[in-house]
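The structure under discussion appears below in the form of structure tokens.
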Amino acid sequence: MENNNCCLYARYSSHKQNATSIEAQILEITAFAERLGYNIVEQYIDMAISGKSDDRPEFLRMIEDSSKGKFSRILVYSLDRFARNRYDSARYKAKLKKNGVKVLSAKENISDDPAGIVMEGVLESMAEYYSAELSQKVNRNMLLNAEKGLYNGGFVPLGYRVIEQDFDTYKKKKLVIDENTAPIVQAIFKMRANDIPVVEIIDFLNKNGYKNRKKQAI
């Protein structure tokens, strides 16, 4: 008798997506499972984790559970949710195959014939290409922002503060020198230029009441 039990795997990778993305994936996957007559017995969900690596807790738990006979299919919204790395995709699909488990995409109609093998490979290659291209664009844009003194997000460096400034037709956040904390940075550079050891610099800063960005002792 065929095992109609399946699980679903959903993932989003960045701060630009959120739980709504997961809900949309689950809705599509659930409808897909109903059409195929599969029974979803488990959900594995990784939030704000990239698919470029296998360092995903729920993904790894799902792979481990595949050896327990709980399900025969893993349903994903699209193959790039499973992995954006062809090596990881092939490696884990080989493990799943040994466990009698297959990955099915709700949005990509991939047949079981030789043409389906080619199609799956093309889709996985495109997912990896898109991920690499996006990473390249992001890094390039961040570098351009840095050259213009624009704020890329994250922790504001000591000695700077963030302001909003008109940039062409829209506003952008810009890093500018913070008159209150800049002297701390200047003092650090001056002492290092005079070959004063780091330990002595830290001791000097703390004794003189200098604080870091979080208002804590340096």
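Here, each number is a calculation from the coordinates, and none is a lab measurement. Just so it is clear, the structure is predicted and the values come from calculations on it, not from any experiment. Cβ coordinates were reconstructed from backbone atoms using ideal geometry, including for glycine residues, and neighbour counts include every protein chain displayed.
No solvent, one uniform scatterer per C-alpha: report log10 I(q)/I(0) for region 154-218 via the Debye equation at q = 0.11, 0.23, 0.26 1/Å, two decimals. Scattering profile of region 154-218, log10 relative to I(0): -0.34, -0.97, -1.13.
Fewest-first ordering of Lys95, Lys68 by other beta carbons within 10 Å of each residue's beta carbon gives Lys68, Lys95. Projecting the Cα atoms of Ile184, Gly159, Asn212 onto the charge dipole of region 154-218, computed from C-beta unit charges around the Cα centre, puts Asn212 farthest toward the positive end.
Charges were assigned to the Cβ only: +1 to each Lys and Arg, -1 to each Asp and Glu. The resulting dipole of region 154-218 about its Cα centre is roughly 240 debye. In straight-distance terms, cross-link reach from Lys98 covers every one of the lysines whose alpha-carbon lies under 28 Å from its own, apart from those fewer than eight places away in the same chain; here that gives Lys52, Lys68, Lys70, Lys107.
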